[in-house]
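Reviewing the structure listed below.
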Amino acid sequence: MSRTILLVVLLCFMSKTFGKTLTECELVMEFRKHGFPEDQLKDWICLVNASGFRRTDVVNVGADGSSNYGLFQINDQYWCSDGDEPGKGCNVRCKDLALDDVAPQMKCSKIIYGAHGFEAWFGWVDKCKGKTLPEIKC
């Protein structure tokens, strides 16, 4: 019986430490909340689907050994600091780009977009660029 209780407690704790998967409508709400232009929302949704699978906590290691964080798979080589202090292009800690609070991810993605447009994301180039994207129904 005590093992069952321990297992339940551990599972409850673990569920709070894992990231959140956002629905398309939740993503749209976040984009609007953070001031993303309406005419770009289809591209941003496609980008997130191509890059981060709509999970806030996704961290992938690239072939070059660099890591990509969060919904937008923001790279640590250029945009975020692996240390305790914020840094690099977005002046943010990488670990803050893989949390349920998407505000740092949204802010950083705007900085990246301002510097390079959607072309900065290989996922967008491969899966979204030049394609007819589905209408947003939220």
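The values are calculated or read from the model by the stated rules, or taken from the named source; none is laboratory data. Everything numeric here is computed off the predicted structure, so don't read it as measured data. Glycine gets a Cβ as well: all are built from the backbone with ideal geometry, and neighbour counts include every protein chain shown.
When you check residue 92 against the structure, is it under 15 Å from the mean Cα position of the chain (by Cα), touching a residue at least 12 places away in the same chain (Cβ under 8 Å) and crowded, with 20+ Cβ neighbours inside 10 Å, yes or no?
On the way: under 15 Å from the mean Cα position of the chain (by Cα): yes; touching a residue at least 12 places away in the same chain (Cβ under 8 Å): yes; crowded, with 20+ Cβ neighbours inside 10 Å: yes.
Yes.
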Exercise. Can you name every residue in region 69-115 that is closer than 13 Å to residue 59 by Cβ, in a loop (DSSP other than H, G, I, E, B) and among the hydrophobic types (A, V, I, L, M, F, W, C)?
Worked result: 71, 72, 80, 98, 99
For this session: Take the residues in region 18-35 that are more than 14 Å from residue 136 (Cα to Cα) and under 16 Å from the mean Cα position of the chain (by Cα), then tell me which one is modelled with the lowest pLDDT.
Result: 18
Seminar exercise, completed: Screening 126, 82, 64, 100 for residues that are within 17 Å of residue 23 (Cβ to Cβ) and of a type outside the set (Lys, Arg) leaves only 100
Problem set entry | Out of 126, 64, sole residue that is in a loop (DSSP other than H, G, I, E, B), surrounded by fewer than 15 Cβ atoms within 10 Å (Cβ to Cβ) and either aromatic (Phe, Trp, Tyr) or at pLDDT 95 or above (or both) | 64
Problem set entry | Residues that are within 19 Å of residue 92 (Cα to Cα), crowded, with 18+ Cβ neighbours inside 10 Å and of a type in the set (A, V, I, L, M, F, W, C), drawn from region 32-61 | 58
